[in-house]
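Peer 1: Below is one structure. I have some questions about it.
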Amino acid sequence: MYRIYDIKDFNLSETRLYFFRLVGVLTFLFSFNCLSICEEMPALPLISTPQSYTFNEIKHHNGSSIRNVRDLLQDQRGYIWMASDHGLIRYDGHDFKIFKHRPNDDNSIVDNELLSVYMLGDTLLCVGAVHGVSLIDIRNEKIRNIENDTEGK
């Protein structure tokens, strides 16, 4: 099945010998050319270069920081709405407007301790609070409150 040749008996003809030499030379030249091309290609850095980011703290007019923001949302007009422990905060890029709960005022939000904001459609902002939900029409800032029913009715 297998035939073992002794190397002494293995003779190559001139054309076969020429072919093997040609293949060897071409392989050497190709590998040398490939190495020179690979050296020209830019290598990716193995260690990532640190990037620096700059953050500026946005503060109220009185200089106090905005803290405990639980949720935020950007509407189609570009306003950023923030639900926080201090009420609903609207930021337009320059100024703040703060919506707070005022007892016995129908046009104030249901609670100051807010949990979430969600946009319903293009103009209705839904604000979730501990004691209920406020629906705000952002075109005219009309507020409708849906308070928690503590009696189960």
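The values are calculated or read from the model by the stated rules, or taken from the named source; none is laboratory data. Just so you know, these numbers come straight off a predicted model, no measurement behind them. Neighbour counts are summed over all protein chains in view; Cβ atoms, including those assigned to glycine, are modelled from backbone coordinates with ideal geometry.
Peer 1: Looking only at segment 55-75, how many residues end up being out of contact with any Gly (no Cβ under 9 Å at 6 or more places or on another chain) and either surrounded by 10 or more Cβ atoms within 10 Å (Cβ to Cβ) or modelled with pLDDT of 80 or more (or both)?
Peer 2: If we filter segment 55-75 for residues that are out of contact with any Gly (no Cβ under 9 Å at 6 or more places or on another chain), which is where we start, we get 55-70, 72-75.
Restricting the remaining residues to those that are either surrounded by 10 or more Cβ atoms within 10 Å (Cβ to Cβ) or modelled with pLDDT of 80 or more (or both) gives 58-60, 66, 68-70, 72-75.
Result for segment 55-75: 11.
Peer 1: Same structure again: Criterion first (in a loop (DSSP other than H, G, I, E, B), touching a residue at least 12 places away in the same chain (Cβ under 8 Å), out of contact with any helix residue (DSSP H, G or I) (no Cβ under 7 Å at 6 or more places or on another chain) and surrounded by 12 or more Cβ atoms within 10 Å (Cβ to Cβ)) does residue 145 satisfy it? Give the steps one after another, and end with the answer.
Peer 2: Values: in a loop (DSSP other than H, G, I, E, B): no; touching a residue at least 12 places away in the same chain (Cβ under 8 Å): yes; out of contact with any helix residue (DSSP H, G or I) (no Cβ under 7 Å at 6 or more places or on another chain): yes; surrounded by 12 or more Cβ atoms within 10 Å (Cβ to Cβ): yes.
So residue 145 does not fit the description; no.
Peer 1: Mind counting the residues in segment 108-126 that are in contact (Cβ under 8 Å) with a residue 40 or more places away in the chain and closer than 11 Å to residue 136 by Cα?
Peer 2: Residues flagged as in contact (Cβ under 8 Å) with a residue 40 or more places away in the chain and closer than 11 Å to residue 136 by Cα within segment 108-126 amount to 4.
Peer 1: Would you mention how many residues in segment 63-114 are part of a loop (DSSP other than H, G, I, E, B) and not basic (Lys, Arg)?
Peer 2: Counting residues in segment 63-114 that are part of a loop (DSSP other than H, G, I, E, B) and not basic (Lys, Arg) gives 26.
Peer 1: Something else: Return the total of residues in segment 116-127 being over 10 Å from residue 88 (Cα atoms) and either assigned to a strand (DSSP E or B) or touching a Cys at 6+ places or on another chain (Cβ under 6 Å) (or both).
Peer 2: So in segment 116-127, the residues over 10 Å from residue 88 (Cα atoms) come out as 118-126.
After this cut, where a residue has to be either assigned to a strand (DSSP E or B) or touching a Cys at 6+ places or on another chain (Cβ under 6 Å) (or both) as well, the list is 118-120, 124-126.
Summing the residues that are over 10 Å from residue 88 (Cα atoms) and either assigned to a strand (DSSP E or B) or touching a Cys at 6+ places or on another chain (Cβ under 6 Å) (or both) in segment 116-127 gives 6.
Peer 1: Say we look at segment 76-111 and pick out the residues that are out of contact with any Lys or Arg (no Cβ under 9 Å at 6 or more places or on another chain) and closer than 20 Å to residue 65 by Cβ; which of these is surrounded by the fewest Cβ atoms within 10 Å (Cβ to Cβ)?
Peer 2: The qualifying residue surrounded by the fewest Cβ atoms within 10 Å (Cβ to Cβ) is 94.
Peer 1: Being without any contact (Cβ under 8 Å) to a residue 60 or more places away in the chain, of a type in the set (Gly, Ala, Ser) and closer than 22 Å to residue 57 by Cβ: is that true of residue 87 here?
Peer 2: Yes, satisfied.
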